[in-house]
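*Asks:* One structure, pasted below without further comment.
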Amino acid sequence: MSELLVLKWVHILAMVYWLGGEWGVFQTSYKVINRSLSLDERRRHMDTAYKIDILARTGIILLLPLGLHMGVLWTIVPRWPGFIPLVWILTAAWLALCWAAFFYRETDRGIRLTKIDEAIRFVLIPLLVIVSISSLLGHGPFKAGPGMNWYSWKVLIYAGMLVIGLKLRFIMREWTVMFRRLDAEGSNPEVEGRLERSIRVGRTLAYFYWVGIASVCFLGTVKPV
Ligand code: HEM
C-alpha cells in the first residue's frame, strides 16, 4: 500500500465531496429564495445548504496539501526540509478555522471566522498563481516540461477555482445578513431582490466551477501536458 496511492485515494474523495457538495448547495439555493415558502422553511433549506457545504469546503482545503504532498513524492515539488509537516500543520489550522465558522454559523462570531477564512484565500490565491506561472515558465519551484506541466496547470486552475469559491462564499455569507433583515423588517422586496440577484450570479458561476473542477480532474488523471 504505497503512500502515493493512499494520498491519491483521499485526494479523489476530497474532489468528490467538493463537486457533489456544490451540486447540493446549487439545488438547495432554489428553496432559500422561494418567496412562496415560509421564512422558517427557507431557513431550514439554508441550514441544509450550510451542512452540505461544510464537506465541500473541507474537500477544497484538503486537495491542496494532498496535491503538494503527492507532488513531493512525484519529485515535481522540491523536498524542502520540514515542508510536508509544515503543510499539514497549516492545513489542520485552516480546517479548524473552517469548521469553527460552520459551528458558529448564523452568529457574529461565525461571520468573523468566515471573513478570516476568506482572508487566507486573498493571500493563497496570488501565491498559487505566481508559483504555477513561474514554474510553467521554467523558473520553478515546481519541475516543468513535457509530461510534468499538468501539475502546475492543476495548481493554476485550482487557484482560479478558489476565486470563484470566494465569490460563492460572499453570496452565502450575505444570506445570513439578508435573513436577519427579513426577520427584523418582515417581507421586503429590496432584500428579496438582493437575495435573488446574488443567487442568480452564484448559479452562473457554478457552471464555470463545475467545468473548472472537472478539467483539473482531467489533468490529474490523463496528464496530457
Ligand atoms: C480542483 C482541484 C483538483 C481536482 C479536482 C483534482 C483531481 C485529481 C484526481 C481525480 C486525481 C487522480 C488521478 C488518477 O487517479 O490518476 C488527482 C491526482 C493528483 N493530483 Fe489532483 N486534483 C485537484 C487539485 C490538485 C492540486 C491543487 C494539486 C497540487 C497541489 C494536485 C496534485 C495531484 C497529484 C500530484 C496527483 C497524483 C497523480 C498520480 O499519482 O497519478 N491536485 N487529482
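The values are calculated or read from the model by the stated rules, or taken from the named source; none is laboratory data. As the structure is a computational prediction, the values presented were derived from the model and not from experiment. Neighbour counts are summed over all protein chains in view; Cβ atoms, including those assigned to glycine, are modelled from backbone coordinates with ideal geometry. The area values use the complete protein model at the heavy-atom level, side chains included, leaving out ligands, DNA and RNA. Shrake-Rupley method; radii C 1.70, N 1.55, O 1.52, S 1.80 Å.
Each row is one residue, and each column tells you yes or no for (1) within 12 Å of the ligand (Cβ to nearest atom); (2) within 17 Å of the chain's Cα centre (by Cα).
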residue	(1), (2)
Thr58	no, yes
Ile61	yes, yes
Leu95	no, yes
Cys98	no, yes
Glu106	no, no
Thr114	no, yes
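*Asks:* So which residues in the stretch 7-40 are more than 13 Å from the ligand (Cβ to nearest atom), part of a helix (DSSP H, G or I) and either open to solvent by 40 Å² or more (accessible area, probe 1.4 Å) or closer than 19 Å to Phe208 by Cβ (or both)?
*Replies:* Correct list: Trp23, Gly24, Val25, Phe26, Gln27, Ser29, Tyr30, Lys31, Leu39, Asp40.
*Asks:* Applying the selection to the stretch 178-221, what residues are farther than 20 Å from Gly20 by Cβ and touching a residue at least 24 places away in the same chain (Cβ under 8 Å)?
*Replies:* The answer is Phe179, Leu182, Asp183, Ser187, Glu192, Leu195, Glu196, Ser198, Val201.
*Asks:* Which residue out of Val201, Val211, Val177, Val225 is assigned to a helix (DSSP H, G or I), within 16 Å of the ligand (Cβ to nearest atom) and open to solvent by 10 Å² or more (accessible area, probe 1.4 Å)?
*Replies:* The unique qualifying residue is Val211.
*Asks:* Another question, then. Yes or no: Pro65 open to solvent by less than 30 Å² (accessible area, probe 1.4 Å) and either touching a Lys or Arg at 6+ places or on another chain (Cβ under 9 Å) or within 16 Å of the ligand (Cβ to nearest atom) (or both)?
*Replies:* yes
*Asks:* Identify the residue in the stretch 103-112 that is modelled with pLDDT under 95 and on the phi < 0 side of the Ramachandran plot and, among all such residues, is surrounded by the fewest Cβ atoms within 10 Å (Cβ to Cβ).
*Replies:* Taking the candidates together, the pick is Asp108.
*Asks:* I've got another one for you. Go through Leu166, Leu127 for me and flag whichever is within 16 Å of the ligand (Cβ to nearest atom) and open to solvent by less than 40 Å² (accessible area, probe 1.4 Å).
*Replies:* Leu166
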